[in-house]
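What follows is one structure encoded as structure tokens, with my remarks underneath.
The values are calculated or read from the model by the stated rules, or taken from the named source; none is laboratory data. Source: prediction; values computed, not measured. Glycine also receives a Cβ, built like all others from the backbone with ideal geometry; neighbour counts cover every protein chain displayed.
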Amino acid sequence: MDYITSGPKTTTLTITSADGCANTGNISYTPLCVMPIRLQSFYASWQQEAAQLQWQVANASAFSHFIVEKSMDGMRYEPIATIPFTMAQAKYMYIDRQASAGRGTHYYRLRLMDVDGSYTYSTIEQLKGKAAEVLAYPNPFGTAIQVMLPSTLQGPVSLVLYGPSGQALLQERYLQQTLPRSLQIGVPASWPSGVYLLRIQSANDQWRIPLWRSGN
């Protein structure tokens, strides 16, 4: 996004009355859309499990600081950091270590603050969560199902296993402090053969894994 600083301007205004008399004069004004800085670039990327924001600026005039804002739904933004501005510095970086690459989509924007308290916003950068993987095996299964959960998964987490008729055969709920990274589901001999569905759900993610049980 390109922000351009502008100064006072002058325009000529002519007013003509109903009887044909005209008055002409010059009016000086300062546009209300004066921008204190030029934002040359702004982008976000994943650095392992943290979100890295980088931006570059130029042509600063009476500029104060940057406020980094974040949203998880693209509508409600919260400030997460204040970055001071230095005239001798053009490139800036901020790392959001609270971000998780396995959770939803992260939205970031910059609030560009002028010294008088006025501000404008940058464009919005999105970081889509990496596809965290849940493993359930063997498939087909026999007497047990082994489930491996991603390390980035945050509790609470619900786990439900549905049988071939759609009935919930197993239901578990784990809080963050009790959330295992691997678990084993014992399979009674009475469970029929057919297609089962394992559903795992957290606040931001959901997995639906079809599993097959062969004949006893």
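The table below gives the values:
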{"quantity": "From the options M87, M93, residue that is assigned to a loop (DSSP other than H, G, I, E, B) and hydrophobic (A, V, I, L, M, F, W, C)", "calculated": "M87"}
{"quantity": "Selection within region 115-133 - surrounded by 17 or more Cβ atoms within 10 Å (Cβ to Cβ) and either among the charged types (D, E, K, R) or not in a strand (DSSP E or B) (or both)", "calculated": "S122, E125, G129, A132"}
{"quantity": "Those residues of region 32-55 which are loosely packed, with under 15 Cβ neighbours inside 10 Å and in a strand (DSSP E or B), in sequence order", "calculated": "S41, Y43, S45, Q47, A50"}
{"quantity": "Qualifying residue in region 101-114 (condition: assigned to a strand (DSSP E or B), of a type in the set (A, V, I, L, M, F, W, C) and within 19 Å of G74 (Cβ to Cβ))", "calculated": "yes"}
{"quantity": "Residue within region 184-192 that is closer than 30 Å to Q52 by Cβ, of a type in the set (A, V, I, L, M), loosely packed, with under 13 Cβ neighbours inside 10 Å and out of contact with any His (no Cβ under 8 Å at 6 or more places or on another chain) present", "calculated": "no"}
{"quantity": "Residue in region 139-153 that is outside the structural domain of R109 (by the TED database) and within 22 Å of D73 (Cα to Cα) present", "calculated": "yes"}
{"quantity": "Test result for M72, under 25 Å from G129 (Cβ atoms) and at pLDDT below 95", "calculated": "yes"}
{"quantity": "Which listed residue is of a type in the set (D, E), in contact (Cβ under 8 Å) with a residue 60 or more places away in the chain and assigned by the TED database to the domain that holds D73, from D114, D205", "calculated": "D114"}
{"quantity": "G142 vs. criteria farther than 28 Å from A50 by Cβ, touching a residue at least 60 places away in the same chain (Cβ under 8 Å) and of a type outside the set (D, E)", "calculated": "yes"}
